[in-house]
């Protein structure tokens, strides 16, 4: 029966027990040392709680004043520090980073697709003159293109037999 008394004291506060339950607890506590200690501890804690409750009585409108102080503190301007600045610009930095990543991805994807679609042509300026030269490859052998003809005409180092055209 000892467990029943301790369990009863642990389940409900001492102030909520009925008179019959208190009589059972007192009768058992007179015989059992462990239950007597549990009963005395429950009585002491009840007295402490009642004393604390009577000593600390909040003044009138306490909750109203506390809530007003909290609202004022939230509305007050906070100093501009590094942490506050970072919290303000973090979404902007993240969106700009995503935008730059998207632009880089599009640049490399479209650049590689254009390189594959274009014929193999290189335009470069001669070192010794201000003329442009065009090197043309991958054209059919049966006729000379306009750029090949210009290369033969204007590049002194290349003869007509050096090009792919006739």
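The values are calculated or read from the model by the stated rules, or taken from the named source; none is laboratory data. Worth saying up front: this structure is predicted, and the values here are computed from it rather than measured. Using ideal geometry, Cβ is built from the backbone for each residue, glycine included, and neighbour counts are taken over all protein chains shown.
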(request) Looking at (1) surrounded by fewer than 10 Cβ atoms within 10 Å (Cβ to Cβ); (2) at pLDDT 80 or above; (3) more than 26 Å from the chain's Cα centre (by Cα), find the lone condition where residue 107 falls short. (result) (1)
(message) Being surrounded by 10 or more Cβ atoms within 10 Å (Cβ to Cβ) and over 15 Å from the mean Cα position of the chain (by Cα) is the filter here; which residues of the range 72-99 pass it?
(response) 84, 85, 96, 99
